[in-house]
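A.B. asks: What follows is a structure written as structure tokens; I'll ask about it next.
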């Protein structure tokens with residue numbers, strides 16, 4: 001019997017662009033939903049922080065708030081989540097070899113005008129013993145409301161530049177134009193291999 005997972009309509013809508021109430025639980029639908037939830041929760045926190053403290057006073061939201069949001073989603077969905085990019089603000093989020101290869105591929109697709117996957121896409125599938133590890137990635141695109149912190153240098157306010165220099169002296173996550181690839185949300189899903197499949 002197939003299992004179904006009831007997900008918040010808003011979070012799922014953002015993740016897959018289809019307002020479904022329930023979907024069959026597969027590693028990909030789980031990863032897509034998780035990416036959508038992470039984007040939604042962080043957008044809400046950033047919007048509130050900017051309203052209360054302005055752009056410069058909100059730069060630490062990702063560093064301080066994201067780990068708790070990610071930990072909650074990892075516990076809720078039983079996955080591992082990572083945010084990474086080729087040009088980093090926080091060196092701790094550096095991509096591994098597989099993620100870097102994927103980022104370079106996606107970046108090339110954007111530059112050639114090719115469409116990127118809207119859902120979380122599988123980029124690694126491996127088996128070790130009785131565990132199958134599937135890795136998915138959801139592209140994160142540069143949007144208009146990101147320019148104040150990640151855009152061209154001339155479009156970043158002086159107080160934001162000062163805060164970035166103080167908090168992220170090795171920051172490379174600037175100079176992006178709207179529509180460019182900012183990075184990915186990398187999601188790892190592990191599954192037990194059923195005994196009947198293991199014998200085949």
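A.B. asks: Condition first: closer than 16 Å to residue 77 by Cα, at pLDDT below 90 and outside any strand (DSSP E or B). Now tell me which residues in the range 10-51 satisfy that.
C.D. replies: 11, 12, 15, 25
A.B. asks: Would you confirm whether any residue within the range 59-79 is in contact with a helix residue (DSSP H, G or I) (Cβ under 6 Å, 6 or more places away or on another chain), under 21 Å from residue 144 (Cα atoms), without any contact (Cβ under 8 Å) to a residue 24 or more places away in the chain and not in a strand (DSSP E or B)?
C.D. replies: Checked the range 59-79: at least one residue is in contact with a helix residue (DSSP H, G or I) (Cβ under 6 Å, 6 or more places away or on another chain), under 21 Å from residue 144 (Cα atoms), without any contact (Cβ under 8 Å) to a residue 24 or more places away in the chain and not in a strand (DSSP E or B).
A.B. asks: Among the candidates 120, 163, single out the residue that is closer than 22 Å to residue 37 by Cβ and surrounded by 18 or more Cβ atoms within 10 Å (Cβ to Cβ).
C.D. replies: Working: 163 fails: closer than 22 Å to residue 37 by Cβ.
Residue meeting the stated conditions: 120.
A.B. asks: Here is a list of conditions, (1) out of contact with any helix residue (DSSP H, G or I) (no Cβ under 9 Å at 6 or more places or on another chain); (2) under 18 Å from residue 84 (Cβ atoms); (3) at pLDDT below 95, and residue 154 meets all of them except one; can you say which number that is?
C.D. replies: (2)
A.B. asks: Exactly one condition in (1) surrounded by 19 or more Cβ atoms within 10 Å (Cβ to Cβ); (2) closer than 18 Å to residue 36 by Cβ; (3) at pLDDT below 95 is not met by residue 183; state its number.
C.D. replies: Condition (3) is where residue 183 drops out.
A.B. asks: Mind checking whether some residue in the range 100-113 is touching a strand residue (DSSP E or B) at 6+ places or on another chain (Cβ under 6 Å), surrounded by 13 or more Cβ atoms within 10 Å (Cβ to Cβ), farther than 23 Å from residue 37 by Cβ and at pLDDT 95 or above?
C.D. replies: yes
A.B. asks: How do the strands (runs of 3 or more DSSP E) wholly within the range 95-193 filter down when requiring 1 or more residues that are more than 21 Å from the chain's Cα centre (by Cα) and free of Cβ contacts under 8 Å to residues at least 24 places away in the same chain: which remain? First the steps, then the outcome.
C.D. replies: Numbers: elements: 121-128, 131-141, 181-192.
Those strands (runs of 3 or more DSSP E) span 121-128.
The values are calculated or read from the model by the stated rules, or taken from the named source; none is laboratory data. Quick caveat, the model's predicted, so the values are computed rather than measured. Cβ coordinates were reconstructed from backbone atoms using ideal geometry, including for glycine residues, and neighbour counts include every protein chain displayed.
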